[in-house]
Amino acid sequence: MTSDPSTNALTPNYAQVYLSHENGKLQLILPNNVLLVGESEWQQFYQELKTCLHQSEFSWQKRQPIHLMVGDRLLDVRQLQDLAEILAEADLQLQWIHTSRRQTAVVAATAGYSVDQNLVLPALIPVEPDAQPLLANPLYIKTTVRSGVEIRHPGTIIVVGDINPGGEVIADGDIIIGGTLRGVAHAGAQGNAQCCIMALRMQPTQLRIADRVARSPSVEPEHWEAEMAYITAEGIRLAPAYNFGKTHQFDPEKQEWSEKG
């Protein structure tokens with residue numbers, strides 16, 4: 001395997017799997033024509049990955065994080081474990097999973113990996129330049145987002161669990177946390193000021209909605225209740241989540257929420 005200086009990529013001698021250096025990141029890329037649908041296909045890929053790593057050894061630093069680019073392919077827990085083990089043998093650390101498939105994103109997040117889910121739109125659907133980006137279906141995961149784990153999704157994220165300090169959840173839509181938020185939550189990441197963040201217990205390191213930023217109050221409340229974070233004229237504010245839709249309204253012209261008169 002040789003290095004192509006014009007693309008800064010590691011060029012493989014076969015078509016199914018290759019490594020690439022891009023923007024300082026080491027990526028393991030599965031091309032679009034790879035279908036890991038059966039045991040034989042997976043075993044073939046597994047052997048090709050071993051060959052790829054063997055031929056390109058010494059091209060990375062020990063314990064270097066690696067980004068797995070899987071596109072629309074469906075991966076299960078065992079396959080991710082297999083990948084992590086063979087990469088560990090090569091002194092590589094599987095850290096990020098980049099996927100356009102929601103099922104793979106759920107599996108990866110539940111397994112404790114950072115996830116970047118990309119929304120793939122049909123090429124024939126026109127998108128107006130000033131239109132609000134289309135949102136993907138909600139990403140629903142049952143896990144605690146641990147320190148060092150980052151979840152990105154082009155829609156709403158629903159977490160049945162906690163967000164630990166050092167954990168980060170970034171959504172183009174709303175964020176709903178059925179537990180305690182102690183890490184970072186960023187809703188409306190593409191600029192949608194109507195998005196909100198709800199948690200059963202708010203103790204965030206940082207809250208972000210669109211381009212607004214806020215931190216957790218220094219004084220803890222006397223009692224805890226589910227709260228909603230939303231954008232107002234004064235910045236990000238918190239309100240009881242109960243009946244929020246009945247007590248507050250969004251002004252699309254001002255791009256902010258306010259209490260109903």
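The values are calculated or read from the model by the stated rules, or taken from the named source; none is laboratory data. These numbers come from a predicted model, not from an experiment. When we count neighbours, we look across all protein chains shown, and the Cβ atoms used for this are built from the backbone with ideal geometry, even at glycine. The accessibility values were calculated without ligands, DNA or RNA, using every heavy atom of the protein model including side chains. Shrake-Rupley method; radii C 1.70, N 1.55, O 1.52, S 1.80 Å.
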* If we scan the range 83-100, do we find a residue that is of a type outside the set (A, V, I, L, M), modelled with pLDDT under 90, buried (at least 18 other Cβ atoms within 10 Å of the Cβ) and in a helix (DSSP H, G or I)? -> no
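Yes or no, residue by residue, for (1) at pLDDT 95 or above; (2) basic (Lys, Arg); (3) open to solvent by 20 Å² or more (accessible area, probe 1.4 Å):
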residue	(1), (2), (3)
Val184	yes, no, yes
Ala187	yes, no, no
Arg208	yes, yes, yes
Arg212	yes, yes, yes
Lys246	no, yes, yes
* To do: State whether the residues of the range 230-251 include one that is in contact (Cβ under 8 Å) with a residue 12 or more places away in the chain, touching a Leu at 6+ places or on another chain (Cβ under 6 Å) and not in a strand (DSSP E or B).
  => no
* Structure fact -> Selection over the range 45-75 where residues are farther than 23 Å from Gly148 by Cβ and within 23 Å of the chain's Cα centre (by Cα) yields a count of 4
* Filtering the range 214-244 down to residues that are of a type in the set (S, T, N, Q) and surrounded by 12 or more Cβ atoms within 10 Å (Cβ to Cβ), which residue is farthest from His186 (Cα to Cα)? -> Thr232
* If you check every pair at least six apart or on different chains, which have Cβ atoms under 6 Å apart with a residue in the range 48-77 that is under 18 Å from Glu89 (Cβ atoms) first and a residue that is outside any helix (DSSP H, G or I) and small (Gly, Ala, Ser) second? -> Leu53/Ala90
* Unmet criterion (only one of (1) within 21 Å of Arg152 (Cα to Cα); (2) at pLDDT below 85; (3) loosely packed, with under 15 Cβ neighbours inside 10 Å) for Asp76 -> (2)
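Residue-by-condition table, conditions (1) open to solvent by 70 Å² or more (accessible area, probe 1.4 Å); (2) modelled with pLDDT of 85 or more:
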position	(1), (2)
Ser40	yes, no
Gln55	yes, no
Gln64	no, yes
Gln103	yes, yes
